[in-house]
Amino acid sequence: MTTEILHPVAQDMRDRWLPSETAVRHARALLDAEPAADLAVVPMLQPGKTHGIWTLGQEVETVPGVVFICINSFTNTAALPGYSWCRGAAAAVARDVLAGRDGTVGYANVSRDGHVAVFEDF
(Lines give C-alpha, C1' and ligand atoms only; values in the text may rest on other atoms or scores of the structure.)
Protein backbone atom coordinates (compact mmCIF):
# COMPACT_ATOMS: atom_id res chain seq x y z
CA MET A 1 0.00 0.00 0.00
CA THR A 2 1.43 3.35 -1.00
CA THR A 3 0.61 6.61 0.68
CA GLU A 4 0.51 9.63 -1.57
CA ILE A 5 2.37 12.62 -0.16
CA LEU A 6 1.35 15.92 -1.70
CA HIS A 7 2.87 19.36 -1.47
CA PRO A 8 0.84 21.44 1.06
CA VAL A 9 -0.57 23.67 -1.71
CA ALA A 10 -1.63 20.66 -3.79
CA GLN A 11 -3.22 19.05 -0.73
CA ASP A 12 -5.06 22.27 0.12
CA MET A 13 -6.44 22.46 -3.44
CA ARG A 14 -7.51 18.80 -3.34
CA ASP A 15 -9.25 19.34 0.01
CA ARG A 16 -10.92 22.69 -0.70
CA TRP A 17 -11.65 23.02 -4.42
CA LEU A 18 -14.93 21.11 -4.31
CA PRO A 19 -18.60 22.00 -4.53
CA SER A 20 -20.57 21.95 -1.30
CA GLU A 21 -21.92 18.61 -0.09
CA THR A 22 -25.43 20.04 -0.50
CA ALA A 23 -24.78 20.86 -4.16
CA VAL A 24 -23.51 17.33 -4.80
CA ARG A 25 -26.63 15.88 -3.15
CA HIS A 26 -28.84 18.15 -5.28
CA ALA A 27 -26.92 17.18 -8.43
CA ARG A 28 -27.32 13.47 -7.73
CA ALA A 29 -31.03 13.89 -6.97
CA LEU A 30 -31.59 15.70 -10.26
CA LEU A 31 -29.68 13.03 -12.15
CA ASP A 32 -31.76 10.33 -10.44
CA ALA A 33 -34.93 12.18 -11.46
CA GLU A 34 -33.89 12.51 -15.13
CA PRO A 35 -32.64 9.25 -16.67
CA ALA A 36 -31.73 10.96 -19.96
CA ALA A 37 -29.19 13.24 -18.25
CA ASP A 38 -25.50 12.29 -18.19
CA LEU A 39 -23.99 14.96 -15.94
CA ALA A 40 -24.84 17.70 -13.51
CA VAL A 41 -22.89 20.96 -13.59
CA VAL A 42 -22.55 23.15 -10.47
CA PRO A 43 -21.37 26.79 -10.67
CA MET A 44 -18.47 27.76 -8.41
CA LEU A 45 -16.32 30.83 -7.79
CA GLN A 46 -12.98 31.55 -6.19
CA PRO A 47 -12.86 35.15 -4.92
CA GLY A 48 -9.42 36.75 -5.12
CA LYS A 49 -7.91 33.89 -7.11
CA THR A 50 -5.52 34.41 -10.03
CA HIS A 51 -6.31 32.12 -12.96
CA GLY A 52 -4.19 28.98 -12.91
CA ILE A 53 -2.62 29.65 -9.50
CA TRP A 54 -3.74 28.11 -6.21
CA THR A 55 -2.68 29.56 -2.86
CA LEU A 56 -3.10 28.05 0.59
CA GLY A 57 -6.47 28.90 2.06
CA GLN A 58 -8.06 29.95 -1.23
CA GLU A 59 -11.72 30.77 -0.68
CA VAL A 60 -14.13 28.61 -2.69
CA GLU A 61 -17.87 29.24 -3.01
CA THR A 62 -20.58 27.09 -4.53
CA VAL A 63 -23.50 29.05 -5.94
CA PRO A 64 -26.32 27.82 -3.71
CA GLY A 65 -29.38 26.23 -5.29
CA VAL A 66 -28.08 26.14 -8.87
CA VAL A 67 -27.44 22.85 -10.67
CA PHE A 68 -27.70 22.27 -14.42
CA ILE A 69 -28.26 18.80 -15.83
CA CYS A 70 -27.23 17.90 -19.35
CA ILE A 71 -26.34 15.28 -21.88
CA ASN A 72 -22.68 14.70 -22.62
CA SER A 73 -22.77 16.33 -26.04
CA PHE A 74 -21.81 19.63 -27.66
CA THR A 75 -25.36 20.03 -28.98
CA ASN A 76 -28.66 20.50 -27.19
CA THR A 77 -31.62 18.17 -27.57
CA ALA A 78 -35.31 18.96 -27.26
CA ALA A 79 -35.27 17.42 -23.78
CA LEU A 80 -31.92 18.52 -22.33
CA PRO A 81 -29.13 20.96 -23.06
CA GLY A 82 -25.68 19.77 -24.08
CA TYR A 83 -22.65 19.94 -21.83
CA SER A 84 -21.20 23.00 -23.59
CA TRP A 85 -24.31 25.02 -22.85
CA CYS A 86 -24.40 23.89 -19.20
CA ARG A 87 -20.79 24.71 -18.45
CA GLY A 88 -21.22 28.13 -20.10
CA ALA A 89 -24.37 28.78 -18.10
CA ALA A 90 -22.65 27.69 -14.88
CA ALA A 91 -19.72 30.01 -15.53
CA ALA A 92 -22.08 32.90 -16.35
CA VAL A 93 -24.03 32.40 -13.11
CA ALA A 94 -20.79 32.24 -11.11
CA ARG A 95 -19.57 35.48 -12.80
CA ASP A 96 -22.82 37.18 -11.80
CA VAL A 97 -22.33 36.08 -8.18
CA LEU A 98 -18.67 37.15 -8.23
CA ALA A 99 -20.16 40.56 -9.15
CA GLY A 100 -17.04 42.26 -10.45
CA ARG A 101 -14.82 41.24 -7.54
CA ASP A 102 -11.36 39.94 -8.34
CA GLY A 103 -11.27 36.19 -8.72
CA THR A 104 -12.11 33.36 -11.06
CA VAL A 105 -15.12 31.22 -11.78
CA GLY A 106 -15.45 27.54 -12.45
CA TYR A 107 -17.80 24.63 -12.36
CA ALA A 108 -17.97 21.12 -11.01
CA ASN A 109 -19.15 18.15 -13.03
CA VAL A 110 -21.01 15.62 -10.92
CA SER A 111 -21.71 12.14 -12.25
CA ARG A 112 -24.45 9.76 -11.17
CA ASP A 113 -22.10 7.93 -8.81
CA GLY A 114 -21.14 11.21 -7.10
CA HIS A 115 -17.72 11.55 -8.72
CA VAL A 116 -16.77 15.24 -8.89
CA ALA A 117 -14.37 16.96 -11.30
CA VAL A 118 -13.78 20.72 -10.92
CA PHE A 119 -12.64 23.07 -13.68
CA GLU A 120 -11.63 26.71 -13.78
CA ASP A 121 -13.29 28.65 -16.59
CA PHE A 122 -11.34 30.97 -18.89
Requested in this report: Calculate, axis by axis, the spread of Cα positions in the chain along the three principal axes, and write the results as whole Å, longest axis first.
Outcome: 45, 45, 24
Query raised in the report: Arranged from highest to lowest average of other beta-carbon atoms within 10 Å per residue, in what order do the peptides 20-28, 41-49, 97-105 appear?
Result: 41-49, 20-28, 97-105
Query - Backbone HN-Hα couplings from phi across the range 14-23 [Karplus 6.51/-1.76/1.60, Hz, Gly and Pro as x] - result: 4, 7, 10, 7, 9, x, 5, 4, 4, 4
Requested in this report: Grab the DSSP H runs of the chain that are 4 residues or longer, score each as -39,500 (n - 2.57), total them, divide by all residues and round the 222 nm result to the nearest 500 deg cm²/dmol.
Outcome: -10000 deg cm²/dmol
Query raised in the report: Within the range 22-37, whose backbone N sits under 20 Å from a point 7 Å along Cα→Cβ of Ala79?
Result: 27-37
Requested in this report: Please work out the average accessible area per residue across the chain, using the 1.4 Å probe convention, and give it in Å².
Outcome: 58 Å²
Query raised in the report: Which shape class applies to the range 39-102: rounded if a/c is under 1.5, otherwise prolate when a/b exceeds b/c and oblate if not, where a ≥ b ≥ c are the square roots of the Cα gyration tensor eigenvalues?
Result: prolate
Query - Given charges at beta-carbon only (K, R positive; D, E negative), |dipole| of the chain in Debye - result: 120 debye
Report task. Pop out the carbon and sulfur fraction of the accessible area of the chain as a percent, whole number, probe 1.4 Å. Result -> 57 percent
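The values are calculated or read from the model by the stated rules, or taken from the named source; none is laboratory data. No experiment lies behind these values; they were computed from the predicted model shown. With ideal geometry, Cβ positions are generated from the backbone for all residues, glycine too; neighbour counts draw on all protein chains shown. Just the protein is used for accessible areas: all its heavy atoms, side chains included, with ligands, DNA and RNA removed. Shrake-Rupley method; radii C 1.70, N 1.55, O 1.52, S 1.80 Å.
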